Amino acid sequence: MADYNYNLNGYRNQNDGPYYEKPRSGFGRGVLVGVLCTLLVVFLAGAAFIGVQGVREYLATQEKEEPPKTGGRTMGGKDSDQTQEDERIRKIAEKIAELQDYIDRDYLFEYDEQAILDNICMGMMYGLGDPYSYYYNEEEYASLQESYTGEYYGIGVLVSEDPDTGDVKILRVFEGPAREAGIRKGDILYRVEDLMVKEEDLNTVIARIKGDEGTTVNVEIYREETDEYISVDVERRQVVTEDVEYEMLSGGIGYILLDQFEGQAADQLKAAIDDLESQGMRGLVLDLRDNPGGDLDVMLDIADIFLPRGVVLTMKDVNGRSVPYYSKEQQYTKPLVVLVNGDSASASEALSGAIKDYETGVLVGTQTFGKGIVQSIYTLKGGKTAIKLTTAHYFTPGGTCIHGTGITPDVIVEKEEGETDNQLTRAVEVLEEMMTQ
């Protein structure tokens, strides 16, 4: 399972010049610009401000300082902004110190000081009311960095969480332990060990599933088609996530399934296209159904394949600053059909929206998820913890924000039950029509 190794990335300018450094950014799941606010930088990065030890020392230093003389008025300018920021931090620190006083005096049991620190940070993120903003403790951040390599010790599934219901659906089961244990695509992850999945953050669930090679984890899933709960013990093994599957269909039609925009997905996609081209591919069906999104840079690399030189998308942050992201020269120029559905989200929607706006392909399927926001990951002081923060809306090349609405396909085809994939069948028909024009 992968969600999002921290490094500095940047955006491409139109002349394909240097990359401008900024925090690593990603579209997120089922679901990049901007600067972390001063309060968060100071409060989270400054351990003395939020640790169990050091709060009183901080308050003592604040009491020694002379308060600014403002004559009772709210003053503008940088000094006034800093004064207000200092006051916010002081109030937070006072509240924490008050709580700690009660704990020191009356709490019956021993406690984990680091756990308190982690939960203070988690509480700040939770207070935003945003399901996509999150604090990663050391274990979770290590797991997050691991996911960028495409290799990990786990059970081999790709999941997506519905932010409205909390259901965690299994989108794909890779070759490996989960498939061997009988877990299927479409199953709902119900419980992991003692964790009830709907009661926990998805990152916590993912961290619990991963573990040392050769150990086992108990997983309970709900299978809607049979209305049953199934509990299985699954061995953790090294899993290499292959994000691309492909084959040559009849009539020179290539088919590529792209599961997510992570890791080596762009390289895998390019290799698949090259192989299909060597087999005489005349047209391509790119399947983005159930693709929950992923990393911005991976999406931009894939956009280079399907889009002409120009704007892929534009990010707009809380300050109204707009940053465009550009594609290079289009590499694939033959007929293209893109399959989408209600679980096509975030990065898959950004790519689909750009393809639709540039008319380099035809979208077939059903309305997409509608996640038109992006998250940035900031490594905190010490390098072992991080936060993920929603930082921008994104707009398609035509200026459309799809958040909350999604993208309407050019050809709407509802999925029918049965062994035949009627959406793929219709996509092939549309592609055949395009190839004869």
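The values are calculated or read from the model by the stated rules, or taken from the named source; none is laboratory data. Here the structure is a predicted model, which means the values were calculated and not measured. Neighbour counts run over all protein chains shown; Cβ positions are idealised from the backbone, glycine included. The area values use the complete protein model at the heavy-atom level, side chains included, leaving out ligands, DNA and RNA. Shrake-Rupley method; radii C 1.70, N 1.55, O 1.52, S 1.80 Å.
Roughly how much of residue 332 is accessible, in Å² to the nearest 10, using a 1.4 Å probe?
10
Label points 7 Å out from Cα along the Cβ direction at residue 401 and residue 175: separation in nm?
Result for the modelled spin labels: 4.4 nm.
If the only charges are +1 at each Lys and Arg Cβ and -1 at each Asp and Glu Cβ, what is the size of the charge dipole of region 295-437 around the Cα centre, to the nearest 20 debye? Working shown, then result.
On the way: 12 positive and 19 negative charges, 211 e Å.
That gives a dipole near 1020 debye.
Using a 1.4 angstrom probe with every protein chain in place, what is the largest-first accessible-area order of 230, 373?
Per-residue accessible area, sorted high to low, gives 230, 373.
Dividing the Cα convex hull volume of region 188-305 by residue count, how many Å³ per residue is that?
Residue-normalised Cα hull volume stands at 147 Å³.
Taking the Cα centre of each part, how many Å lie between region 84-135 and region 356-417?
Between the Cα centre of region 84-135 and that of region 356-417, the gap is 33 Å.
Take the cross-link list 328/356; 91/381; 270/316; 210/270; 198/381; 198/388 and give me the ones stretching past 26 Å between alpha-carbons.
Listed pairs above 26 Å: 270/316; 210/270; 198/381.
Hey, if you drop one equal point scatterer on each alpha-carbon of region 79-170 and run the Debye formula without solvent, what base-10 log of I(q)/I(0) do you get at q = 0.16, 0.24 Å⁻¹?
Values returned for q = 0.16, 0.24 Å⁻¹ are -0.96, -1.30.
Nearest 0.05, what FRET efficiency do residue 408 and residue 165 give at R0 = 22 Å with Cβ-Cβ as r? Please list the in-between numbers first.
Details: r = 23 Å, r/R0 = 1.05.
Step by step, r from the Cβ atoms, then E = 0.40.
Report the gain in length on full extension from residue 130 to residue 82: 0.36 nm times residue separation, minus Cα-Cα distance, nm rounded to one decimal. Can you show the working numbers first?
Numbers: separation 48, 0.36 × 48 = 17.28 nm, distance 2.65 nm.
Stretched out fully, the residue 130 to residue 82 stretch lengthens by 14.6 nm.
Just grab the label-to-label distance for residue 111 and residue 279, each label 7 Å out from Cα along the Cβ direction, in nm (one decimal).
Here the modelled spin labels are 6.0 nm apart.
Once you charge only the Cβ atoms, +1 for Lys and Arg and -1 for Asp and Glu, what is the size of the charge dipole of region 232-274 about its Cα centre, to the nearest 20 debye?
Approximately 60 debye in magnitude.
How much length, in nm to one decimal, is gained on full extension between residue 139 and residue 250, taken as 0.36 nm per residue of separation minus their Cα-Cα distance?
Details: separation 111, 0.36 × 111 = 39.96 nm, distance 4.76 nm.
Net length gain for the segment: 35.2 nm.
In units of 2.2 N^0.38 Å, what is the alpha-carbon radius of gyration of region 354-437?
Its radius of gyration relative to the 2.2 N^0.38 Å reference: 1.56.
Modelled label-to-label distance, residue 420 and residue 91, 7 Å Cα→beta-carbon offset: nm?
6.5
Can you work out the FRET efficiency for the pair residue 433 and residue 184, with r the C-beta to C-beta distance and R0 = 41 Å, to the nearest 0.05?
Computed FRET efficiency for residue 433 and residue 184 comes out at 0.75.
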